[in-house]
Each structure stands twice: as C-alpha cells, then as structure tokens.
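Take a look at the structure below.
Nothing in this text is a laboratory measurement; each read-out follows from the coordinates by a stated rule. Bear in mind that the values here come from a model prediction, so they are computed numbers and not experimental data. No Cβ is skipped: glycine too gets one built from the backbone with ideal geometry, and neighbour counts run over all protein chains shown.
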Amino acid sequence: MSLKISRKYVPLTATFVVFVVLFGIASLRYEGFASAAVVVELFSENAFLGICALGMTLVILSGGIDLSVGSVVGFTSTFVATMIMEYAWHPINAWAVALVLGTVFGAGMGCLIHFYKLPAFLVTLGGLFFARGMAYAVNRESLGINHDLYNGLASANIPLGGGLSLSLTASLFIAFFVLTFYIGRYTKFGRNVYAIGGDEDSALLMGLPVGRTKIGVYAFSGFCSAAAGIVMTLYTWSGNPLNGVALELDAIAVVVVGGTLLTGGVGFVAGTLLGVLIYGTIQQAIYFDGNLSSSLTSVAIGVLLLIFILLQKAIVSKGEEA
C-alpha cells in the first residue's frame with residue numbers, strides 16, 4: 001500500500017523529517033544530547049523567538065509580513081526594565097501597559113496597510129525603525145531588573161519528574177503555541193486568515209471581513225512581540241534597546257522552515273514550533289561540540305531556508321499545473 005501525502009502537508013512533513021534527522025545525528029554524535037533535559041532546554045532558550053514566530057505565522061498566512069517584531073521586543077524589554085527600576089512601577093503594571101502598546105502598535109500598522117493600501121514590507125520596515133528609536137528614547141543603556149516578583153518567578157518552574165522542570169519562559173511559549181494553534185485551526189478568524197492569504201480578492205467577493213482580519217493579525221503579532229519582550233526580561237533579568245536585533249529575520253526563517261508558504265494561505269502553526277525546535281537543535285549541537293562557531297547556526301538556517309523556498313516553489317508550480 002502506497003502512502004500519499006497531500007501537497008499542502010509536504011512542507012510540514014519535510015520539516016518534521018529534518019528535525020528528527022538533525023536531532024538524531026546530534027544524539028549519535030554527542031553523549032547526553034538525546035535526553036529530556038535537552039528537549040526542555042530547546043523550549044526555554046528559544047521562548048522569545050518562538051512567541052514572535054507564532055505571531056509572524058498568522059501574518060504570513062494572511063499574505064503579509066512583519067519586520068517590526070525584533071524592534072518591538074527591544075522596546076518592550078527596555079520599557080519594562082525602565083518602568084520597574086527607574087519609576088518604581090510594579091512589574092504586572094509594566095507588563096500590561098507593554099502588551100497594550102504592542103497590540104496598538106501592530107493594529108496601527110495593520111490599519112495603514114489596509115486602509116491606505118500600502119505594502120506591508122514598507123509599513124513594517126518603518127515600524128522597525130520607529131520601535132527601535134523609541135527603545136533608545138526610553139533608555140539608551142542596558143538596565144538590570146531587581147524586583148521581588150522577578151526573584152520569585154525565577155523558581156516558578158513546573159516539575160516534570162525525574163529531576164526535570166519546565167521553566168516559566170518555556171511554559172509561556174507552550175501557552176502561546178496552544179493559543180495560536182487554537183486560533184488558526186478552530187476559530188472563524190483563523191479560517192478568514194487562511195482565506196485571505198489564499199486569495200484576498202476571492203475573500204472580498206465571499207463577504208469575509210478582510211480589513212478587520214488583516215488588522216487583527218498585525219495586532220496579534222504586536223501582542224506576541226510585546227509578550228516576547230516580557231519573556232526576554234524574565235530570561236535575562238534586564239532590558240536593553242539592542243535586544244531583538246535581527247530577530248524578525250530569525251522569526252521569518254523558522255516560519256518558512258516550518259512549512260508556511262511566503263505567498264500565504266498554506267501553513268501550520270505546528271510547523272512553526274518544529275522550525276523553532278530545529279533552530280534550537282542546531283544551537284544546542286554547536287554548544288555540545290564546543291569547537292564550532294555560533295555563526296554556523298545562521299549558515300545552517302540559511303541553507304535550510306533556501307531548500308524550503310525551493311520546495312515551496314515546486315509545490316506552487318505543481319499546483320498551477322494541476
């Protein structure tokens with residue numbers, strides 16, 4: 001009996017195979033790599049990238065792009081640290097305001113894109129520079145965070161048994177994955193995102209709320225980016241206007257490696273999770289080796305990105321011929 005895979009599932013299947021192969025090779029090469037501790041670490045160390053990438057997934061599925069996410073992470077981490085340490089805000093208040101600012105900022109870019117028919121690339125590129133500039137306006141220096149809540153959250157781990165525990169940052173990443181997966185798969189909003197990314201003109205003819213949905217995906221991306229900035233402060237106990245530089249490129253890369261078509265309309269939130277795990281596996285393998293340059297992570301992701309773009313091109317071409 002032959003096993004046939006639907007064309008739209010080919011990129012996701014390829015991503016899963018790549019992850020298994022990479023993790024398998026690293027496990028054979030490095031002693032102790034094939035362990036639950038390493039898997040848990042993949043979630044902890046890449047939580048802020050993963051949360052950004054989840055928001056980016058819906059944007060790309062809708063046929064758009066968001067280049068501002070890294071700068072929003074930098075602004076949020078700087079804003080939160082400054083409000084806590086220099087203005088004596090409670091962290092929860094700082095987090096709430098940061099999430100609102102990120103969401104409103106994303107929605108504002110979505111409005112410009114929809115109502116003025118501006119290219120998403122240019123609008124979000126402007127957003128990149130604006131958010132980074134605002135980060136420097138808030139504070140030009142790195143600022144450490146020393147607060148009782150942060151001290152308490154440092155030990156707020158979920159025990160998994162066997163001496164393992166899931167960190168707060170990893171838990172937040174998983175929570176955002178569940179939320180985004182639910183939105184994309186089980187809500188009307190998620191179905192509209194896929195429809196708009198597949199063919200916006202057809203979506204308009206069907207009477208779908210194109211404008212509201214497009215603004216919504218950018219608002220959600222801004223919310224995720226702000227949340228990623230908060231997660232970064234929990235991970236580093238500091239804020240820095242340089243945080244998140246080029247993070248938008250990593251986020252786009254893991255989304256594409258995860259099987260989401262850059263043209264929109266086809267992709268899976270689960271694929272983005274696999275893309276983040278692939279990214280983390282490469283980083284961990286370099287760390288275990290000890291003699292390899294960290295720049296090899298970018299090289300490996302670049303090679304995988306090119307391969308998946310070619311795979312996507314082949315899939316789209318076959319779809320047009322069918």
With Kirkwood's inverse mean 1/r over C-alpha pairs for Rh, give me the Rg to Rh ratio of the chain, two decimals please. 0.98
Which whole-number percent of Cα pairs in region 161-249 have a distance greater than 16 Å? 66 percent
Taking the Cβ of each residue in GLU86, GLU45 as the centre, tally the other Cβ atoms inside 10 Å and list the residues starting with the fewest. GLU86, GLU45
Take the alpha carbon gyration tensor of region 167-322, find the square roots of its eigenvalues, order them as a ≥ b ≥ c, and report rounded if a/c is under 1.5; if not, report prolate when a/b exceeds b/c, else oblate. oblate
Pairs of lysine residues in the chain - Cα separation under 21 Å, sequence separation of 8 or more or cross-chain: 7
Report, in order of residue number, the helices in the chain meeting two criteria: a C-alpha extent of 24 Å or more along the helix axis, and a mean Kyte-Doolittle hydropathy of at least -1.0; treat each whole DSSP H run as one helix. 10-29, 69-86, 91-115, 120-138, 168-186, 210-236, 269-289, 296-321
Report, in whole Å, the centroid distance computed from the Cα atoms of region 21-58 and region 90-113. 29 Å
Sorted from largest down, what three extents in whole angstroms do the Cα atoms of region 203-282 have along their principal axes? 49, 26, 18
Exposure proxy check: CYS111, CYS224 ranked by fewest other beta carbons within 10 Å? CYS111, CYS224
With only helices counted (DSSP H, runs n ≥ 4, each -39500 (n - 2.57)), the per-residue ellipticity at 222 nm for the chain, to the nearest 500, works out to -24500 deg cm²/dmol
Sequence ranges 28-35, 271-278, ranked by mean other-Cβ count within 10 angstrom, highest first: 271-278, 28-35
Calculated log₁₀ intensity ratio I(q)/I(0) where the Debye formula runs over C-alpha points of region 61-121, q = 0.15 Å⁻¹: -0.54
Taking the Cα centre of the chain as the origin, how large is its charge dipole in debye, to the nearest 20, when only Lys and Arg (+1) and Asp and Glu (-1) carry charge on their Cβ atoms? 780 debye
When the charge dipole of region 1-145 is computed with +1 at the Cβ of Lys and Arg and -1 at the Cβ of Asp and Glu, the Cα pointing farthest to the positive end, of HIS114, VAL73, THR57, is that of HIS114
Gyration tensor on Cα atoms of region 120-211, a ≥ b ≥ c root eigenvalues, a/c under 1.5 rounded, else prolate if a/b beats b/c, else oblate, says oblate
Using a ≥ b ≥ c from the Cα gyration tensor of region 12-151 (square roots of the eigenvalues), is it rounded, prolate or oblate, where a/c under 1.5 gives rounded and otherwise the larger of a/b and b/c decides, a/b for prolate? oblate
